Amino acid sequence: MLSDRSYQLVIRAKDRFGNWTNTSSNPFSWTLDTTAPTASLDLVDSLDTGRSATDNLTRKRALQFQGTVGAGAHVQLWLNNLQLNPTITNGTWQITTPTLTSDTYQVKAVATDVAGNTQEVV
Ligand SMILES: [Ca+2]
Ligand SMILES: [Ca+2]
């Protein structure tokens, strides 16, 4: 099995008498990347009201989430079935939600790198 790295493919032809061409094809390069991007997710503490600023229990209806994401990856935030597209600056993503109704929300961030590998954080 191939490991994650860059590869080069070069082709040389041989005729039916076993004579190889003197020249090879131009190298074809590709990169194998099967590693999921890193990502993190947090409700901004200043909007996490009440006894604890880190328990993710809040009375605010418009929330701000933020986190980190690996280089080159993009991230989507899901609040139940609501999909949001955060902005990413220098490996940090953030987004302010629309005004939400009182409910319990399952929040997850899904990071996808340029090779299509995904990482889900909740
Ligand atoms: Ca927090
Ligand atoms: Ca709280």
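Tabulated data for the structure shown
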read-out: Residue match in the range 5-14 (condition: within 22 Å of the chain's Cα centre (by Cα) and within 16 Å of ligand 1 (Cβ to nearest atom)); value: no
read-out: Count - residues of the range 81-101 that are without any contact (Cβ under 8 Å) to a residue 24 or more places away in the chain and either within 13 Å of S40 (Cα to Cα) or assigned to a loop (DSSP other than H, G, I, E, B) (or both); value: 6
read-out: Residue list for the range 58-80, filter: under 19 Å from T101 (Cα atoms), part of a loop (DSSP other than H, G, I, E, B) and under 26 Å from the mean Cα position of the chain (by Cα); value: A62, L63, N80
read-out: Evaluation of L77 against (1) more than 16 Å from ligand 2 (Cβ to nearest atom); (2) surrounded by fewer than 17 Cβ atoms within 10 Å (Cβ to Cβ); (3) under 18 Å from Q106 (Cβ atoms) (one fails), failing number; value: (2)
read-out: Exclusive hit being within 16 Å of ligand 1 (Cβ to nearest atom), more than 19 Å from the chain's Cα centre (by Cα) and surrounded by fewer than 12 Cβ atoms within 10 Å (Cβ to Cβ), set S29, S102, S46; value: S46
read-out: Residues within the range 12-57 that are within 13 Å of ligand 2 (Cβ to nearest atom), in a loop (DSSP other than H, G, I, E, B) and not hydroxyl-bearing (S, T, Y), tallied; value: 8
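FYI, it's all coordinate maths here, none of it is from the lab. Just so we're clear, the structure is a prediction, and the values are computed from it rather than from any experiment. Note that we place each Cβ from the backbone using ideal geometry, even for glycine, and neighbour counts take in every protein chain shown.
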